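Before any comments, here is the structure.
Bear in mind these aren't lab numbers, they're just calculated from the coordinates by the rules spelled out. Given the structure is predicted, the values throughout are model-derived calculations rather than measurements. Cβ: placed from backbone, ideal geometry, glycine included. Neighbour counts: every protein chain shown.
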Amino acid sequence: MYVIEHALLNLGKNKGRNSLLAIIILAIITTTVVALAIYNTAQTVMEETRRALQCAVRVAPQRSSPGTGVAVTAGGGQQEAAVTLEQYLAFASSQHLDGADVKEGGRNADEVDAVYFLKRPELLAVFEAELRDKGLPDNYSVKTDESTFASVAGPVESLQKLSLTFLLIVLVLGAVIMVLLSFIVIRERKYEIGVLRAMGMKKEKIALGLWTETIIITCLCFVLGMGAGSILSQPVSDAILAGQAETSAPGSSSLADRLNEAQGVVPPTTKIDIAIDPVTALEIFAVSILLASIAGIIAVSRITKSEPIKILMERN
Amino acid sequence: MAMLALQNVSYRYEGSTKTIFNDVNLQFEAGKIYTIVGKSGAGKSTLLYLLSGLDVATGGRIEYEGENLAAINRNHFRAQKAGIIFQSLNLLTNATALDNIILSMNISGVTGVDKKVRALELLQKVGISPEKASRKVLKLSGGEQQRVGIARALAHDPVLILADEPTGNLDKENEARVLKIFATLAHDEGKCVIIVTHAKKVTAVADEIWSLEKGVFRQLPVGK
């Protein structure tokens, strides 16, 4: 208990050194919060988008684009129309569905645009089998639209990769900075460590005291860093996504993108709402404590190898 | 039985061929004050480091109550049994006088007393007022710092007091006060007090005086 009391006293006594330490830890935690919050939110958005799009199944006749070899779907069609509107509507009664959107008149007046919403993405195969049983011809496809997913979630995926890279850089650099900083702080406190050991204090207790000081500073920085990170992560995410949207502008889009646009597919995501959920907060807290502990342990283990008499004689 | 016994103790610094002492046999008993005198660099402070377990003899053995000091937990020995007064004080300069003493009691695991009250009593005993007790050590004079160092060494009520030039920075009044404390500790409370000193006044309170010259200990007559 006295080790913790002593650590608390020390925090107040060395304001300059501890403030410097706190600023650096705060910077590391804040950047970690921004990176991890964006990464986790992007991940959630990707999963939700994928899930939403994988649940939406389009039933349409298949055609091959002459010359390109690319199979494209069209919402129904008069030439291949083997499925009637009544059949499309009958397909909607499947127990695997949450709903359906079957309407006449897509781009052409006589087309049927049929989208069925599965309860779960995994039910696709069962649903397709059911439709085949109900008379859906083989030249009709039953599938989700991957190109739409790529178009909608592409920028978010790039944002996620960017934030992960940034996070890894911050963590590696942060760990190196923390270790170096701990070495400097511990070297500065070598004499104090020598005195405490000369008085009979155990190495473990000295290490615990130093670790406690670092952890208290880290916890304070965690609270501040969470606040600063929450404020900063939204504008950072917006700026990156805006950049992503510009790079995927219509002029540079692929054939599939242009076809999707022509079909009125959902436009690319240009904004996601960054949220720091409890899991993210816990991850950041764990990372912070881990970094502080690793740095502290490496530095303390080195200094406690010196005999107290040597430390005191060097000083004196 | 002697509290501390040196048996054929030799010592030389790491990486050096020069021997500081060779084959020393000495005994220190409870209830007595011992002074070790000798020229600077003779190895007096080194002897105190060996007796406190801060350093280990390169030859022979030092026994504390029959146990080899090199083989026991020397951190525990210093925290529980020995009170060390360093020539260079070795106080935590950023902490207050009071905090230094309370920390010493905490390290030693002192329980059952109000540590602040005991620390203030000890400081009062060495002539440090409660007002100065709350000052950072750096803001005290050299003499005051030395007395804080003495109070710290006594904080955990050790049976063995090892003092390196404990009166070096003190005026006559405070020197007399400190020597009286040492006399009480040894003669009334049965502790063993070993003092390394240059001051003749200190040798005047000793029960045994030993000189160290060229690695050889020689007992001097008391009162001369």
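Odds and ends about this structure:
- Sparse-neighbourhood loop sites, trypsin sites (Lys or Arg not before Pro) in region B:1-88 - DSSP loop, at most 11 other Cβ within 10 angstrom: B:K18
- Kirkwood estimate for region B:110-224, i.e. one over the average of 1/r between Cα atoms, Å: 15.3 Å
- Within 10 Å of the Cβ of each residue in B:84-90, the mean number of Cβ atoms contributed by other protein chains is 4.
- Peptide A:196-207 shows a mean partner chain C-beta count of 6 within 10 Å per residue C-beta.
- Between A:N139 and A:Q43, the simple spin-label model (points 7 angstrom out along Cα→Cβ) gives 4.6 nm.
- Sites listed here are trypsin sites (Lys or Arg not before Pro) in region A:286-316 whose DSSP assignment is loop and whose Cβ has at most 12 other Cβ atoms within 10 Å: A:K305.
- Whole-percent pair-distance distribution, where bins are 10 Å wide, for the alpha carbons of region A:131-181: 20, 21, 18, 16, 12, 8, 5, 0
- Added length on full extension, which subtracts the Cα-Cα distance from 0.36 nm per residue, B:R61 to B:V113: 15.1 nm
- Protection-proxy order for peptides A:231-238, A:137-144, each taking the mean of Cβ atoms within 10 Å per residue, highest first: A:231-238, A:137-144
- Region B:166-224 and region A:161-233 have Cα centres separated by 47 Å.
- Charged neighbours of A:V33, selected by a Cβ distance under 14 Å, balance to -2 (K, R count +1; D, E count -1).
- Residues A:S301 and B:A204, FRET efficiency given R0 of 41 Å [Cβ-Cβ distance, rounded to 0.05]: 0.25
- The protein assembly as shown has equivalent-ellipsoid semi-axes of 84, 21, 19 Å, by the square roots of 5 times the alpha carbon gyration tensor eigenvalues, sorted largest first.
- Value of [θ]222 nm, deg cm²/dmol, for chain B, DSSP H segments ≥ 4, -39500 (n - 2.57) each, nearest 500: -9000 deg cm²/dmol
- Peptide B:44-54 is shielded by partner chain Cβ atoms: per residue, an average of 2 of them sit within 10 Å of its Cβ.
- Theoretical FRET efficiency, 1/(1+(r/R0)^6), r = Cβ-Cβ of A:Q62 and A:I289, R0 60 Å, to 0.05: 0.60
- What the pair-distance distribution of region B:30-112 shows, using all Cα-Cα distances binned every 10 Å from zero, is 14, 40, 35, 10, 0 percent.
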